[in-house]
Amino acid sequence: MDLQKIKLDHLADNIFSEVAKEAADFISPSIERGRTDVNKSTQLRKFYDELMMWHDKVLFAKDQDRQAAYVQAAPFIQMLKAKAAYSLGRKYVNENFVKVFNQIISQINSPDTLKHAKLFFEAVLAFRKASEQK
């Protein structure tokens, strides 16, 4: 997958559809020759839940406080990359997931990009879950 397709500052029309589907396929465990013990839905959901928590803390702040809330949350949002690295080391997720997740997190630099990151990751997980059930 070309990770450069994931651009959260200026959204492409297909970011939540084709790009998210491509990312979902990229992180699917079937890519790793029979390894189905990585990137389980429950593990990926933990990352989504934490991203959602930061999204809610920032986006539900009053308009004038939203930027300040983001500035306070930014280091903790970026710390999600360390958590992904830890999960990779524990073999809970694969390298493809870490690449996609880090690409998402690296682009968060404002309340708007945080919102876009949450929506994109949500779309990725939805496509992944849909393919899991086939």
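The values are calculated or read from the model by the stated rules, or taken from the named source; none is laboratory data. No experiment lies behind these values; they were computed from the predicted model shown. Glycine also receives a Cβ, built like all others from the backbone with ideal geometry; neighbour counts cover every protein chain displayed. Heavy atoms of the whole protein, side chains included, go into the accessibility calculation; ligands, DNA and RNA do not. Shrake-Rupley method; radii C 1.70, N 1.55, O 1.52, S 1.80 Å.
Remarks
- Filter result for A61 (farther than 21 Å from K7 by Cα and modelled with pLDDT of 95 or more): no
- Tabulated pairs, region 39-58, first touching a residue at least 24 places away in the same chain (Cβ under 8 Å), second open to solvent by 40 Å² or more (accessible area, probe 1.4 Å), C-beta under 6 angstrom, 6+ apart or interchain: Q43/Y92
- All told, N102 meets the bar of being polar (S, T, N, Q) and in contact with a Lys or Arg (Cβ under 9 Å, 6 or more places away or on another chain).
- Annotation: of all residues in region 99-131 being surrounded by fewer than 17 Cβ atoms within 10 Å (Cβ to Cβ) and among the hydrophobic types (A, V, I, L, M, F, W, C), the one that is farthest from D13 (Cα to Cα) is A130.
- Residue pairs whose Cβ atoms lie under 8 Å apart, separated by 6 or more positions or on different chains, with the first residue in region 76-100 and at pLDDT 95 or above and of a type in the set (V, I, T) and the second open to solvent by less than 70 Å² (accessible area, probe 1.4 Å) and not in a helix (DSSP H, G or I), are I77/I108; V100/M1; V100/I6.
- Failed item, numbered, when A12 is tested on (1) closer than 17 Å to E122 by Cβ; (2) part of a helix (DSSP H, G or I); (3) without any contact (Cβ under 8 Å) to a residue 12 or more places away in the chain; (4) of a type outside the set (K, R): (2)
- Some residue of region 66-83 being closer than 17 Å to Q4 by Cβ and either touching a Phe, Trp or Tyr at 6+ places or on another chain (Cβ under 9 Å) or assigned to a helix (DSSP H, G or I) (or both): no
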